[in-house]
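The values are calculated or read from the model by the stated rules, or taken from the named source; none is laboratory data. Model, not experiment: these values are computed from the prediction. Here the Cβ is made from the backbone with ideal geometry for all residues, glycine too, and neighbour counts use every protein chain on show.
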Amino acid sequence: MSLPRAAASAEPLPVRPAAPSIDTSSLKPLLEPRSVAIVGASTVPGKIGAVPVAMLREYAFPGTVYPVNPKADDVFGYQAVPDIDAIPGSIDLAVVAIPAAGVLDALARCADKGARAAVVFSSGFAEVSEEGRAAQQALAALARARGLRILGPNALGVANIDAGLVASFCPFFKPRFAPGGAVGLVSQSGAFGGYVANLAQDRGLSFSKWITTGNEADVEVADGIAYLAQDAATRVILVYMEGARNGARLVQALEMARAAGKPVIVLKVGRTAVGAEAAASHTASLAGADAVYDAVIAQCGAYRASSIAEWFDLGYAYAVGRPPRNNAVALVTVSGGVGVMMADEAASGGLDPVPLSAAAQARIRQIVPFAGARNPVDVTGQMLGDLAGFEKMVEVVLAEHDFGSIVGFNAGAGHREESGFRIQKVWESVRAHHPDAYIAISGATPPAVQHAYEAAGCLVFTAPDTAVATAARMARITARLADAPAPAGPPGAPADIPARALNEHQALGLLEAAGLPGPGTRVAKTPEEAARVAAAIGFPVVVKILSPDILHKSDIGGVALNLATAEAVQVAGAAVLERARAAAPEARIDGLLVAPMMPKGGVETILGATVDPVFGPMVMFGLGGVLVEVMGDVALRRAPFDLKEARAMIGEIRGAALLDGVRGAPPADKEALATALVALARFAAANADRIESIDVNPFLVFPEGRGAVALDAVIVPAAGKAAP
């Protein structure tokens, strides 16, 4: 099985070379400008050129505003200027709301006025045609030449609520967002960014920063993530993305967020080939292989959400509440049946509903004799009429253990404000005594009561299973943030990989030199020579056809196993050559490969590598045989990586238990396997410009302490890049 390759896209833009670092200071004029010019400012309310001017007035932007409009003296209270050249002072940020044909000239003139950043609303660039693509490339060239950071084109804009900056024509910035928001948003889609602003309005959330990148002629989603990683106001980073052209920059940005301890929640679309093509045609991004994005996002400590609801719930939870300190969860419910559902959700998500001690259960039953007291704790519906008793029961639960999460289900008991506020006071007291715990309440909650919960740092969900699932996801994200990998070290030295296809002996030799254990193969030109080589190796042996053009040797009868004598080797060698020539008459035959017959036992696995067009060298691991082909049960990592990451790879496949020993079989030598994965990763990283793919199948892992061995290998050189 080969690694996933990038899905076809609608003539994507070329992948950019990796940059040495992300300069977040260059985004300061974009997000913290002292002066803003709006090119194409309009006096007509609701027009694209009018909304950003009105929003700057609405949010009391403290800097200087220059609406550029040749037909107006005043635009929403700001004195207009007839053209860019008439701006009396210098500008930090230019907002461009004119047709595409005039954008390049306008940006050049703004740069002459000192502009160091620009937001380009205009569409009609790479998302529509080759002519538009060329125009967008001209914008990128201007950005590089003039030191101008360009957001867009085809972008909805940017906002910094605390700074009074809303450089956007999004209609959902009214009513006005409150300052002090903790959610940072980076979205490649402007329409989706606007939708999220609407969601935030409905949930009472505010943004620290709000960034839509559009076609990304210059500023990419990675730039936004990196900026937010260093932004003191941002507590959680929400990312909507369709693809990336520069995987190295995205990795660097995600690692910056991890180093800052900031959770990054990614909503990456394009899971299918159809979706990837749609993403490419939308913003001209390079979609890439979805499984690779999955692996890289996780490897960098970020979290990929599977739905908009999950993605936004996590943003809400980090902005309002606290992440779990540990995996222990206390479940308090007025319904025993719902408590069972909550316990199921907790266990499946990796949380532990720690059972209460017999003494604690007895104390709970002293308050309510028929309560469910184990955890989940069913306080029964009648307890909501006795809030003092309810509070005592909750105190008994929380005194029993250091619970990182506390999830309550009120059902419909608090659906009226009067009763809702009385129950809320109990949970507010719980929060006061447990300030660092994840506390979430579910059930029917009036808006005013919900706001009171949230003001106290308690989350509110309608569904109890969502409240529990969010805690479980936050616990996993916390573990990822804390579990930064050790430095992988430099890749190995580049190998001498020929441009032509390699045979198995050559491939195994290169990998052995890189640190992967091999079987000690020998080459023979004739059956007679094979018999002599076999005698020198020691019987029993394996004989295979040696050809760079025959990859599936067993399919044509090109393999003979368990040969115990020189005569058997000679006969088998002749037969293997005859069958190969008959089945593949055009194939180049380099002779016969002779190798020791491996002892019985061990687990067959597969190791592989490929060079992804976005993220570079990726390494794959899975179990061998039909499992990897039929189930697709593999783990992926961006190379190079360390032993810790290799061990995690091995443990995350669904069939990992087979390596631990089943039905009396001894455990496999997983440390030898991890060492081989690290060696393969370093080889792939060192030779990323010389290879297309590597397959090591099978890679046989012997019982613990006995090592592992590569029994077959294929290296496909990258055409035109390998050594001659």
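Please state which one of ALA343, ALA291 is touching a Pro at 6+ places or on another chain (Cβ under 6 Å), at pLDDT below 95 and part of a helix (DSSP H, G or I).
On the way: ALA343 fails: at pLDDT below 95.
Being touching a Pro at 6+ places or on another chain (Cβ under 6 Å), at pLDDT below 95 and part of a helix (DSSP H, G or I) holds for just one of ALA343, ALA291, which is ALA291.
Could you say whether any residue in the stretch 67-90 is in contact with a Gly (Cβ under 7 Å, 6 or more places away or on another chain), in a helix (DSSP H, G or I) and either touching a residue at least 24 places away in the same chain (Cβ under 8 Å) or buried (at least 20 other Cβ atoms within 10 Å of the Cβ) (or both)?
For the stretch 67-90, residues in contact with a Gly (Cβ under 7 Å, 6 or more places away or on another chain), in a helix (DSSP H, G or I) and either touching a residue at least 24 places away in the same chain (Cβ under 8 Å) or buried (at least 20 other Cβ atoms within 10 Å of the Cβ) (or both): absent.
In the stretch 97-131, what count of residues is obtained for those that are in a strand (DSSP E or B) and under 20 Å from ALA163 (Cβ atoms)? Break it down into steps so the answer makes sense when it comes.
The first filter runs over the stretch 97-131 and keeps only residues in a strand (DSSP E or B), leaving 117-120.
Filter once more, so that each one left must be under 20 Å from ALA163 (Cβ atoms): 117-119.
Final tally of qualifying residues: 3.
When you scan the stretch 93-111, how many residues do you find that are within 21 Å of LEU27 (Cβ to Cβ) and either without any contact (Cβ under 8 Å) to a residue 60 or more places away in the chain or surrounded by fewer than 20 Cβ atoms within 10 Å (Cβ to Cβ) (or both)?
Taking the stretch 93-111 first, the residues within 21 Å of LEU27 (Cβ to Cβ) are 93-97, 103, 106-108, 110-111.
Those left that are additionally either without any contact (Cβ under 8 Å) to a residue 60 or more places away in the chain or surrounded by fewer than 20 Cβ atoms within 10 Å (Cβ to Cβ) (or both): 94, 96, 103, 107-108, 111.
Residues that pass the stated criteria total 6.
Only one of ALA106, ALA80 is farther than 30 Å from ASP231 by Cβ and of a type outside the set (Lys, Arg); which? Full working, then the answer.
Numbers: ALA106 fails: farther than 30 Å from ASP231 by Cβ.
After applying the criteria, what remains is ALA80.
List pairs: first residue in the stretch 659-678 and closer than 16 Å to ASN697 by Cα, second residue polar (S, T, N, Q) and in a strand (DSSP E or B) anywhere in the structure, Cβ distance under 8 angstrom, at least six positions apart or on different chains.
Cβ pairs passing all conditions: LEU673/THR605.
In the set GLY190, GLY204, GLY194, which member is more than 14 Å from ALA257 (Cβ to Cβ) and in contact with a Cys (Cβ under 6 Å, 6 or more places away or on another chain)? Quick ask: steps written out before the conclusion?
On the way: GLY190 fails: in contact with a Cys (Cβ under 6 Å, 6 or more places away or on another chain); GLY204 fails: in contact with a Cys (Cβ under 6 Å, 6 or more places away or on another chain).
Residue meeting the stated conditions: GLY194.
Name the pairs: first residue in the stretch 564-578 and more than 18 Å from MET598 (Cβ to Cβ), second residue among the aromatic types (Phe, Trp, Tyr), Cβ to Cβ under 8 Å, at least 6 apart or on different chains?
If the second residue must be among the aromatic types (Phe, Trp, Tyr), the pairs left are THR565/PHE539.
Right, ASN215: out of contact with any strand residue (DSSP E or B) (no Cβ under 7 Å at 6 or more places or on another chain) and closer than 20 Å to VAL51 by Cα or not? Step through it out loud before you land on a result.
Working: out of contact with any strand residue (DSSP E or B) (no Cβ under 7 Å at 6 or more places or on another chain): yes; closer than 20 Å to VAL51 by Cα: no.
No; evaluated as a whole, the condition is false for this residue.
Yes or no: the stretch 473-482 includes at least one residue that is in contact with a strand residue (DSSP E or B) (Cβ under 7 Å, 6 or more places away or on another chain) and among the polar types (S, T, N, Q).
No, every residue in the stretch 473-482 fails to be in contact with a strand residue (DSSP E or B) (Cβ under 7 Å, 6 or more places away or on another chain) and among the polar types (S, T, N, Q).
Could you figure out which of (1) aromatic (Phe, Trp, Tyr); (2) assigned to a helix (DSSP H, G or I); (3) modelled with pLDDT of 90 or more isn't true of PHE390?
It fails just one condition, (3).
Give me the pairs, please: first residue somewhere in the stretch 643-656 and over 16 Å from ASP294 (Cα atoms), second residue anywhere and among the basic types (Lys, Arg), beta-carbon distance under 7 Å, and either six or more positions apart or on two chains.
Sorted first by the residue in the stretch 643-656, then by its partner, the pairs are ILE650/LYS670.
Given the conditions (1) modelled with pLDDT under 95; (2) surrounded by fewer than 19 Cβ atoms within 10 Å (Cβ to Cβ); (3) in a loop (DSSP other than H, G, I, E, B), report the number of the one that PRO355 does not fulfil.
(1)
Here are GLU454, GLU418: which of them is among the charged types (D, E, K, R), modelled with pLDDT of 95 or more and more than 21 Å from VAL264 (Cβ to Cβ)?
On the way: GLU418 fails: modelled with pLDDT of 95 or more.
Exactly one residue qualifies, and that residue is GLU454.
Yes or no: ASP590 farther than 29 Å from PRO548 by Cβ and surrounded by fewer than 21 Cβ atoms within 10 Å (Cβ to Cβ)?
no
Considering only residues of the stretch 380-399 that are closer than 24 Å to THR470 by Cβ and free of Cβ contacts under 8 Å to residues at least 60 places away in the same chain, which is surrounded by the fewest Cβ atoms within 10 Å (Cβ to Cβ)?
The residue in question is LEU384.
Does GLY132 satisfy being farther than 27 Å from LEU56 by Cα, buried (at least 16 other Cβ atoms within 10 Å of the Cβ), assigned by TED's automatic domain parsing to the domain that holds ILE211 and in contact with a Phe, Trp or Tyr (Cβ under 7 Å, 6 or more places away or on another chain)? Spell out how you get there, then give the answer.
Details: farther than 27 Å from LEU56 by Cα: yes; buried (at least 16 other Cβ atoms within 10 Å of the Cβ): yes; assigned by TED's automatic domain parsing to the domain that holds ILE211: yes; in contact with a Phe, Trp or Tyr (Cβ under 7 Å, 6 or more places away or on another chain): yes.
The answer is yes for GLY132.
For the stretch 514-619, which strands (runs of 3 or more DSSP E) that fit wholly inside it have 1 or more residues that are within 20 Å of PHE702 (Cβ to Cβ) and at pLDDT 95 or above?
Numbers: elements: 522-524, 541-546, 559-563, 591-596, 603-612.
It comes to 541-546, 559-563, 591-596, 603-612.
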